[in-house]
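Peer 1: Before I ask anything, here is the structure I am working with.
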Amino acid sequence: MTEIAPADSLFARLRGAAGEAWQGYTRHAFVRQLGRGDLPEACFKHYLVQDYIFLKHFARAYALAVFKSDALDDMRQAAGTLDALLNEEMSLHLRYCAGWGLDEAAILAAPEAAQNMAYTRFVLERGLSGDLLDLLTALAPCVVGYAEIGLWLAADADSKRDNNPYGDWIETYSGESYQSVARAAIEQLDRVAARRVGNDLSARLPALEATFEAATRLEIGFWDMGLEPAA
């Protein structure tokens, strides 16, 4: 599998510090079942509904990133992501859900899962109480993690290539369009870190590592939530 993050990037350092939590997230049973194509349909539908709710709060986080940014390039990047989430990705998500028999009314009426609430509010809290670097660090496991998962599933020998009901999902996150989003997030994390703390990350690194690992463990909880209908 192609390495998504340069070895000297802040993201690579944070991922390395997360250790087994990162493996637990990116190689979760939910992910493996997606690749094999044997994830129960009820689980995937449950995940799709909660993911739409998640995207709404993710959009709020990027609105906060605009406010927290000092540099215009960071403001533009956050604003572009916010626009894409609200006016493109959420609409695409609804159309994708419709293919699985889920209409907008049912999605919007669904209660937010506790795991979803815990994760999204954690990200927003890190942004509200910290600075842009704290917020981007909390967002990184999702933004970059899905790109890594997509690449791994696309290359994994156990993944079902033909007639996988979740093939479109794998293609989305392994595809160049999403991979470019992840690369931009990795680059922005480095850029913001350089502006905020310079070359010496030692004072900030422990707190950033804690934020990254906590968000990663909340991602694990999100996958666990996705498997609940099969429990």
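The values are calculated or read from the model by the stated rules, or taken from the named source; none is laboratory data. Computed from a prediction, not measured in an experiment: that's the story for all the values here. For neighbour counting, all protein chains shown are included, and Cβ atoms are generated from backbone atoms with ideal geometry for every residue, glycine included.
Peer 1: If you take the residues in region 195-231 that are of a type in the set (Gly, Ala, Ser) and at pLDDT 95 or above, which one is nearest to residue 29 (Cα to Cα)?
Peer 2: Checking each candidate, the answer is 226.
Peer 1: Do we have any residue at all in region 199-209 that's closer than 28 Å to residue 68 by Cβ, among the polar types (S, T, N, Q) and not in a helix (DSSP H, G or I)?
Peer 2: yes
Peer 1: Another question, if that's okay. Across region 18-62, which residue is nearest to residue 99 (Cα to Cα) among those that are of a type outside the set (D, E, K, R) and out of contact with any helix residue (DSSP H, G or I) (no Cβ under 7 Å at 6 or more places or on another chain)?
Peer 2: Here the residue is 44.
Peer 1: Within region 95-121, restricting attention to residues that are among the small types (Gly, Ala, Ser) and not in a helix (DSSP H, G or I), which residue is nearest to the chain's Cα centre (by Cα)? If you could, list the steps in order and put the result at the bottom.
Peer 2: Here is the first cut: in region 95-121, the residues among the small types (Gly, Ala, Ser) are 98-99, 101, 105-106, 109-110, 113-114, 118.
Imposing the further condition that a residue be not in a helix (DSSP H, G or I) reduces the set to 99, 101, 110, 113.
Numbers: 99: 22, 101: 24, 110: 21, 113: 17 Å.
Ranking the qualifying residues of region 95-121, first place goes to 113.
Peer 1: Regarding region 149-169, can at least one residue be identified that is closer than 18 Å to residue 221 by Cα and surrounded by 14 or more Cβ atoms within 10 Å (Cβ to Cβ)?
Peer 2: Yes, the conditions are met somewhere in region 149-169.
Peer 1: Of all residues in region 14-71 being assigned to a loop (DSSP other than H, G, I, E, B) and hydrophobic (A, V, I, L, M, F, W, C), which is modelled with the highest pLDDT?
Peer 2: 39
Peer 1: Okay, next question. If you take the residues of region 162-178 that are in contact (Cβ under 8 Å) with a residue 12 or more places away in the chain and of a type in the set (Asp, Glu), which of them is farthest from residue 98 (Cα to Cα)?
Peer 2: 171
Peer 1: Might you let me know whether region 115-127 holds any residue that is of a type outside the set (Asp, Glu), surrounded by fewer than 14 Cβ atoms within 10 Å (Cβ to Cβ) and farther than 19 Å from residue 213 by Cβ?
Peer 2: No, because not a single residue in region 115-127 is of a type outside the set (Asp, Glu), surrounded by fewer than 14 Cβ atoms within 10 Å (Cβ to Cβ) and farther than 19 Å from residue 213 by Cβ.
Peer 1: If you check residue 76 against the conditions, is it surrounded by 13 or more Cβ atoms within 10 Å (Cβ to Cβ) and modelled with pLDDT of 95 or more?
Peer 2: Against the criterion (surrounded by 13 or more Cβ atoms within 10 Å (Cβ to Cβ) and modelled with pLDDT of 95 or more), residue 76 does not qualify.
Peer 1: Among the candidates 97, 142, which residue alone is closer than 27 Å to residue 228 by Cα, in contact (Cβ under 8 Å) with a residue 12 or more places away in the chain, surrounded by 20 or more Cβ atoms within 10 Å (Cβ to Cβ) and out of contact with any His (no Cβ under 8 Å at 6 or more places or on another chain)?
Peer 2: Numbers: 97 fails: surrounded by 20 or more Cβ atoms within 10 Å (Cβ to Cβ).
Every option except 142 fails the conditions.
Peer 1: Now, a different point. Working only within region 135-192, note down all residues that are more than 14 Å from the chain's Cα centre (by Cα), in a helix (DSSP H, G or I) and among the charged types (D, E, K, R).
Peer 2: Within region 135-192, 168, 171, 176, 187, 190, 191 meet the criteria.
Peer 1: Go through 137, 120 for me and flag whichever is among the β-branched types (Val, Ile, Thr), in contact (Cβ under 8 Å) with a residue 24 or more places away in the chain and under 22 Å from residue 177 (Cα atoms). Don't jump to the end; show me each part of the working.
Peer 2: Numbers: 120 fails: under 22 Å from residue 177 (Cα atoms).
Exactly one of 137, 120 is among the β-branched types (Val, Ile, Thr), in contact (Cβ under 8 Å) with a residue 24 or more places away in the chain and under 22 Å from residue 177 (Cα atoms), namely 137.
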